[in-house]
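First up is the structure itself, then whatever we jot down about it.
The values are calculated or read from the model by the stated rules, or taken from the named source; none is laboratory data. Not measured: the values here are computed from a predicted model. Ideal geometry is used to build each Cβ from the backbone, glycine not excepted, and the neighbour counts take in all protein chains shown. Just the protein is used for accessible areas: all its heavy atoms, side chains included, with ligands, DNA and RNA removed. Shrake-Rupley method; radii C 1.70, N 1.55, O 1.52, S 1.80 Å.
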Amino acid sequence: MATEATPMSAGVTGARAGELVRRAWTKTWPPLGAAALLIGGWQLVVWSGWRPDYLLPGPMAVFARLGQDLRDPDLYSALLTTGTRAAVGFSLALVLGLVLGLAVSRSATVRAAVGSLITGLQSMPSIAWFPLAILLFGLTEAAITFVVVLGAAPAIANGLITGIDHIPPLLLRYGRVAGARNATLYFRIVLPAALPSFIGGLKQGWAFAWRSLMAGELLVIIAQRPSLGARLQFAREFSDSEGLLAVMIVILLIGILVDRLFGIAEGRIRHRWGLEQQS
Amino acid sequence: MRLLHVESRDVPDGGTRVSVEEVSKIYGRGPREVAALKDISLNIESGEFVCLVGASGSGKSTLLNLLAGLEQPTAGRVSTGGGRVALMFQEPALMPWLTALGNVLLPMRIRGKLSEAAAHDEARRLLTMVGLRDFARRRPHELSGGMRQRVALARALAQDAEVLLMDEPFGALDAITRDLLHDELEQIWRDRRMTVVFVTHNAREAVRLGDRVVVLTSRPGRVAAEIRVSLPRPRRTDSGEMTALAYQIGERLRTEVRLRGD
């Protein structure tokens, strides 16, 4: 080993830095490798001539187009619309999920009434709500928000319900011995204890919200309001495959990014709660 | 500043603090009915350290739950003289998301009687008392089993209760840690003049700590024998008298187990 010859402290720092680089590399190469394989496969399909170039462009052309789009202000106004819809829908789903989750976990009657309905809703493809939403609200923001909320709220509620159901009974008994009741019991013990599972529910709720939102933006296109979904739809109408694939990459990247953010929050909380060993 | 001790105690030392009168506790109904406690009566004086020993099924944990107000008796009356009651379990039952300090602060925050600064002072004092001054910022999963149970003891003391109920609190600890905690608990009990009801199935532990050892029968639990331990404190577990007393209580327990056949 090269570091063995250096003085003790420098050797230790050097070894530590080397360790960090190695750990970062172990974490980054598998996804990078997978992406490279995927792009390579895509290029092979293009080269095979299965579909003409104007229908299925190669990765180089699409990434060039993506670079061009990233300099286009229209993309950012589309991102802003879509981002705002996602934020509004997800926030409403969060409130609804919290209220529903608390109601179900507090009351056996509410649980019997809507407990399995919530789980059922969670497995129902939210795109199935759109025809009804469009009839009820027309081609409006409200129709999109309605479906996003319906898509995300059950997962969020279920995360909270599972979290509360799995609180070790001893912690609740302690709460009673210490004289915690109602709101105090919830804020001091129940909600913090349920937090790891609740964050898991949020992460899942986000995935549902994002899917519902994309479906909604394809179906409910509002004039003069550019969105990622509208860009997809227009690209298809103009047979602009490059533009279409570029938008799809943006959608994928946003999905991955937000999922990672939730993943990091979840990891920190689980670590703090002592739910997993340090690596 | 002794903020926690301004309230006058309604029972003078030596008066009855805990009373259990003709208490029965029955779980289930009809053919599945199980009597955990049957017509049990017990008086505990203020400042007294009483150990309840019994084999499994003697209803000793049930009795503590009744005293803590977690359950109601099927018949009879329990009273702790209106004083505050703290309960310590065999498991530390600490909140995993809170530090040791946060866990000790919890009961004071729940009661909300102290300012945040006063509660912090008290929590630090209690952590120092149980020998964890330097571990205030650690979370439960970063502490050993003995340390966690010390935090739980500090947390129970933070309730500033007149009566401390302990349900086999040291049962899961190794012998050395247990010995140390016995010494600490005895010291704290003397300083604070609390009433302690300590449940254990370990006769030696009962003799080490109790002013009085109450032996309970199994299913249903009744008082089988009461032994007053008048050995001077602090007691040494290896002294001849203690060994003899522990043996005597152990024999009584074994007879109980044989009688009930479990």
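Pairing each residue of segment A:13-31 that is assigned to a helix (DSSP H, G or I) with any residue that is modelled with pLDDT under 85, provided the two are 6+ apart or on different chains, yields C-beta distances under 6 Å for A:GLY14/A:THR3; A:ALA15/A:THR3. The set of residues in segment A:149-185 that are within 12 Å of another protein chain (Cβ to nearest Cβ) and under 18 Å from A:ALA108 (Cβ atoms) comprises A:ILE167, A:PRO169, A:LEU172, A:ASN182, A:LEU185. Taken over segment A:211-229, the residue count meeting the criterion of being out of contact with any helix residue (DSSP H, G or I) (no Cβ under 6 Å at 6 or more places or on another chain) and on the phi < 0 side of the Ramachandran plot is 3.
Would you confirm, using the coordinates I've provided, whether A:SER48 is loosely packed, with under 10 Cβ neighbours inside 10 Å, more than 30 Å from A:THR140 (Cα to Cα) and at pLDDT below 90?
Judged against the criteria, A:SER48 is not a match.
Applying the condition of being touching a Gly at 6+ places or on another chain (Cβ under 8 Å) and part of a helix (DSSP H, G or I) to segment B:207-261 and asking which residue is most open to solvent (accessible area, probe 1.4 Å) yields B:ARG260. Apart from one condition, B:PRO73 fits all of (1) free of Cβ contacts under 8 Å to residues at least 40 places away in the same chain; (2) touching a helix residue (DSSP H, G or I) at 6+ places or on another chain (Cβ under 6 Å); (3) farther than 22 Å from A:ILE189 by Cβ; the exception is (1). The numbered conditions (1) of a type in the set (A, V, I, L, M); (2) surrounded by 19 or more Cβ atoms within 10 Å (Cβ to Cβ); (3) part of a helix (DSSP H, G or I); (4) within 14 Å of chain B (Cβ to nearest Cβ) are all true for A:LEU191 except (2).
Which one of B:GLU21, B:GLU48, B:GLU7 is of a type in the set (Asp, Glu), buried (at least 19 other Cβ atoms within 10 Å of the Cβ) and either at pLDDT below 75 or touching a Lys or Arg at 6+ places or on another chain (Cβ under 9 Å) (or both)?
It is B:GLU48.
Residues in segment A:145-186 that are not in a helix (DSSP H, G or I) and not β-branched (Val, Ile, Thr) were compared, and the one that is nearest to A:SER116 (Cα to Cα) is A:HIS166. Quick check on segment B:67-99: of everything there that is out of contact with any Leu (no Cβ under 8 Å at 6 or more places or on another chain) and either buried (at least 22 other Cβ atoms within 10 Å of the Cβ) or hydroxyl-bearing (Ser, Thr, Tyr) (or both), which residue is farthest from the other protein chains (Cβ to nearest Cβ)? Restricting to residues being out of contact with any Leu (no Cβ under 8 Å at 6 or more places or on another chain) and either buried (at least 22 other Cβ atoms within 10 Å of the Cβ) or hydroxyl-bearing (Ser, Thr, Tyr) (or both), the top hit is B:THR74. Scanning segment B:158-189 for residues that are outside any strand (DSSP E or B), touching a Lys or Arg at 6+ places or on another chain (Cβ under 7 Å) and more than 16 Å from B:MET129 (Cβ to Cβ), which turns out least open to solvent (accessible area, probe 1.4 Å)? Checked segment B:158-189; the qualifying residue least open to solvent (accessible area, probe 1.4 Å) is B:PHE170. Here A:MET214 fulfils each of the conditions (1) in a helix (DSSP H, G or I); (2) away from chain B (no Cβ under 12 Å); (3) among the aliphatic types (A, V, I, L, M); (4) touching a residue at least 40 places away in the same chain (Cβ under 8 Å) apart from (4).
Residues that are in a loop (DSSP other than H, G, I, E, B) and either modelled with pLDDT of 95 or more or among the basic types (Lys, Arg) (or both) within segment A:58-89 comprise just one, A:ARG71.
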